[in-house]
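Engineer: Structure provided below as structure tokens; questions to follow.
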Amino acid sequence: MKYLTFALAKGRLAKQAMALMEQIGITCEEMKDKDTRKLIFVNEELKLKFFLAKAGDVPTYVEYGAADIGIVGKDTILEEGRNLYEVLDLGFGKCRMCVCGPESARELLNSHAMLRVASKYPNMAKDYFHNVKQQTVEIVKLNGSVELAPIVGLSEVIVDIVETGSTLKENGLTVLEEICPLSARVVVNQVSMKLEQERIHTLITKLSDLITD
Ligand code: PRP
């Protein structure tokens, strides 16, 4: 039997995903070792392989078939726009993609004034402003701590993930507009979906039954 390979977005998402997998009998002991520098983990019995990757790279591995299955946030799926099948909402990692800024920026947003928008998600920001709101804006790509941008005057607003809202609150910012809800998703390579239909279908059904129980 061929190995079925999983790409997991490194961090909290991967931990939660593995906890869910354990509940349907899929374990990977090697992966639990905190000190390991290993990049790929194998479950010989079940003929499964797992690797951890930067979230933004997970859709790439899956599109090219280097991984059959990926577990990654909807934010990354939307931002990367890869060719793959999104097959299941895992229901954890729930948060929202929002336009945020100081309360004073609300007027600018409504007046369709020329704005600068900072984001780790330039494609999502562009799609929202240009296609949904039909507003011309300048997008500035950042790589983290995006909340800094309106504070130091790099941009008027940001497009970013809001989970508890505490990062915004502690920095005097607020949600101005909601773009969409987000959560962890299972994605599948388009060819694997056909060639490994049975194994993948069984797995997705088990996961889906587990989370709807
Ligand atoms: C994310 C996001 C916000 C924060 C939201 O950042 O970009 O900054 O979490 O969470 P909250 O609403 O619960 O405060 P992350 O921790 O991934 O770090 P980064 O900003 O450096 O990317």
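Engineer: Can you tell me which of 92, 129 is surrounded by fewer than 16 Cβ atoms within 10 Å (Cβ to Cβ), at pLDDT 95 or above and more than 10 Å from the ligand (Cβ to nearest atom)?
Structural biologist: Going through 92, 129 in turn, just one is surrounded by fewer than 16 Cβ atoms within 10 Å (Cβ to Cβ), at pLDDT 95 or above and more than 10 Å from the ligand (Cβ to nearest atom): 92.
Engineer: Can residue 139 be described as more than 10 Å from the ligand (Cβ to nearest atom) and surrounded by 15 or more Cβ atoms within 10 Å (Cβ to Cβ)?
Structural biologist: It is true that residue 139 is more than 10 Å from the ligand (Cβ to nearest atom) and surrounded by 15 or more Cβ atoms within 10 Å (Cβ to Cβ).
Engineer: Just to be sure I understand, how many residues within the stretch 150-181 are away from the ligand (no atom under 11 Å from the Cβ) and more than 23 Å from residue 92 (Cβ to Cβ)?
Structural biologist: 12
Engineer: I've got another one for you. Going through 203, 173 one at a time, which residue ends up being of a type in the set (A, V, I, L, M) and in contact with a helix residue (DSSP H, G or I) (Cβ under 7 Å, 6 or more places away or on another chain)?
Structural biologist: From the options 203, 173, the qualifying one is 173.
Engineer: To continue, here is another question. Looking only at the stretch 182-190, decide whether some residue is farther than 30 Å from residue 101 by Cα, open to solvent by 40 Å² or more (accessible area, probe 1.4 Å), assigned by TED's automatic domain parsing to the domain that holds residue 10 and not charged (D, E, K, R).
Structural biologist: yes
Engineer: So which residues in the stretch 119-138 are hydrophobic (A, V, I, L, M, F, W, C) and farther than 14 Å from residue 97 by Cβ, if there are any at all?
Structural biologist: Hit for the stretch 119-138 is 137, nothing else.
Engineer: Next question, about the same structure. Please give the number of the condition residue 1 fails out of (1) in contact with a Lys or Arg (Cβ under 7 Å, 6 or more places away or on another chain); (2) within 25 Å of residue 75 (Cβ to Cβ).
Structural biologist: Just one mismatch for residue 1, condition (2).
Engineer: Okay, moving on. Would you say residue 110 is of a type outside the set (A, V, I, L, M) and closer than 27 Å to residue 178 by Cβ?
Structural biologist: Numbers: of a type outside the set (A, V, I, L, M): yes; closer than 27 Å to residue 178 by Cβ: yes.
When the stated conditions are applied, residue 110 passes them.
Engineer: Can I ask one more? When residue 14 is evaluated against the numbered criteria (1) at pLDDT below 95; (2) surrounded by fewer than 22 Cβ atoms within 10 Å (Cβ to Cβ); (3) among the hydrophobic types (A, V, I, L, M, F, W, C), which criterion, by number, is the only one it fails?
Structural biologist: (2)
The values are calculated or read from the model by the stated rules, or taken from the named source; none is laboratory data. Just so it is clear, the structure is predicted and the values come from calculations on it, not from any experiment. Note: ideal-geometry Cβ built from the backbone for every residue, glycine included; neighbour counts use all protein chains shown. Calculation scope for accessible area: heavy atoms of the full protein, side chains included, ligands and nucleic acids excluded. Shrake-Rupley method; radii C 1.70, N 1.55, O 1.52, S 1.80 Å.
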